[in-house]
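Since the structure comes first, as structure tokens, the remarks are kept for the end.
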Amino acid sequence: MTNFRPNRRRAAVLISGSGTNLQSFIDKIQTGDLALDLCVVLSNNSGAAGLSRANNAQIPTVCISHNNYPDRQSFDAALVEALDPYLPDFIILAGFMRVLTPIFIAKFEGRILNIHPSLLPDYPGLNTHQRAIDAGEKWAGSTVHFATEELDAGPMIIQGRVPIKREDTAEQLAARVLKIEHQIYPEALSLLSMERLKYEGGAAYLDGKLLLKPIQYS
Ligand code: GAR
């Protein structure tokens, strides 16, 4: 997976935890359903299980703990410096639990994707599943969007929804949402790698047309 293929776009994947979304990219690349090179997996957490997934797939890994930096800006500057040698075309945030500053966003503007486990614009931020259950919502889901300086608010690309069952715990709902994430995130990456999906002037375009609403995955 580390072989350099000049015709393929290169993506750096940033993770903090178990990396099941990362695994979904690895699996789709291995079956030939996603034409993308994962050039590096970076984590702020040396204990992230996703790092083993990267190692198993022979993807280079980098670990930079935010605890070693006095503020978000210096941490972000270190991230930029660490990613530089891998020449990523895209930055894929896949469960990366750090808020990025304009230092990072500006460097990769329009080339950063994030996945957020809610039907944005509802429930940005943390504890989305419990908040949706507490509010009596019937539906939950996940949204892939371009990351901008505003948290969980960049142009939306694709959304997948799942029902909330009456007896759901946040953990049960999270597991159901993850399953749909493993479908929608590789789909968004595929559109990006084929250059069908683009970011321009603060908006998302699919096949040259402004995406007014996220693609609904079902
Ligand atoms: C995913 O559900 C993702 O949407 C969420 O973290 C999980 C990571 O799972 N991201 C956020 O909450 C970002 N604010 P994974 O490590 O198994 O891919």
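If each residue of separation counts as 0.36 nm, what is the full-extension length gain between Ala49 and Ile103 once their alpha-carbon separation is subtracted?
Separation in residues times 0.36 nm, less the Cα-Cα distance, equals 16.7 nm.
Tell me the per residue accessible area of segment 1-115 using a 1.4 Å probe; a whole number in Å² is fine.
Per-residue value: 45 Å².
Under a straight-distance cross-link criterion of Cα-Cα below 13 Å, which aspartates and glutamates are reachable from Lys198, leaving out those fewer than 8 residues away in the same chain?
In chain and number order, the partners are Asp89, Glu109, Asp207.
Mind checking the full-extension length gain between Lys138 and Met194? Use 0.36 nm per residue of separation minus the Cα-Cα distance, one decimal, nm.
Values: separation 56, 0.36 × 56 = 20.16 nm, distance 3.48 nm.
Result for the pair: 16.7 nm of gain on full extension.
Whenever you get a sec, compute what percent of the accessible area on segment 130-218 sits on carbon and sulfur atoms (1.4 Å probe).
Values: 2520 of 4950 Å².
Answer for segment 130-218 is 51 percent, counting heavy atoms of protein chains only.
Send over the Kirkwood Rh of segment 13-93, from the inverse of the averaged 1/r over different Cα pairs, rounded to one decimal Å.
In segment 13-93 this quantity evaluates to 13.1 Å.
By how many degrees, 0 to 90 and rounded to 10, does the Cα axis of helix 20-30 deviate from the longest principal axis of the chain?
Once rounded, the angle reads 60 degrees.
Quick one: if you stick a label point 7 Å off each Cα along the C-beta vector at Asp27 and Ser218, how many nm between them?
2.4
Please state the charge dipole magnitude for the chain, taken about the Cα centre, from unit charges on C-beta atoms (+1 on K and R, -1 on D and E), reported in debye and rounded to the nearest 20.
460
Taking the inverse of the average 1/r across all pairs of different Cα atoms in the chain, what Kirkwood radius in Å do you get? If you can, show how the numbers build up before the last one.
Numbers: mean 1/r = 0.0570 Å⁻¹.
For the chain, the Kirkwood estimate is 17.6 Å.
Rounded to the nearest 500 deg cm²/dmol, what is the calculated helix-only ellipticity per residue at 222 nm for the chain, with -39500 (n - 2.57) per DSSP H run of length n ≥ 4? Working shown, then result.
Working: 6 runs with 67 residues, N = 218.
Mean residue ellipticity at 222 nm (helix-derived): -9500 deg cm²/dmol.
Given an 8 Å cut-off on Cα distances and at least 6 residues of separation, report the relative contact order of segment 93-196 as a percent.
25
Say a paramagnetic label sat at a point 7 Å from the Cα of Tyr205, along Cα to Cβ; which residues of segment 102-129 have their backbone N under 16 Å from it?
Within reach of a label on Tyr205: 110-111.
Name the residue, out of Ser18, Ser74, Ser193, whose mean-square fluctuation peaks in a Gaussian network model built on the chain with Cα pairs under 10 Å.
For the chain, modelled as a Gaussian network with Cα springs under 10 Å, the answer is Ser74.
Would you mind working out the accessible area per residue for segment 136-215, using a 1.4 Å probe, and quoting it in Å²? Please list the in-between numbers first.
Values: 4250 Å² over 80 residues.
That works out to 53 Å² per residue.
Once you have all Cα-Cα distances for segment 110-149, histogram them in 5 Å bins from zero and send the whole-percent values.
Each 5 Å bin holds this share of Cα pairs: 6, 24, 33, 18, 11, 7, 2, 0.
List the GluC sites (Glu not before Pro) within segment 84-159 that fall in a DSSP loop (any state other than H, G, I, E or B) and whose Cβ has at most 11 other Cβ atoms within 10 Å.
Here the sparse-neighbourhood loop sites are Glu150.
The values are calculated or read from the model by the stated rules, or taken from the named source; none is laboratory data. Only a predicted model underlies this, so the values are computations on that prediction, with no experimental measurement involved. Every residue, glycine among them, receives a Cβ derived from its backbone with ideal geometry; neighbour counts consider all protein chains shown. SASA here: full protein model, heavy atoms, side chains in, ligands and nucleic acids out. Shrake-Rupley method; radii C 1.70, N 1.55, O 1.52, S 1.80 Å.
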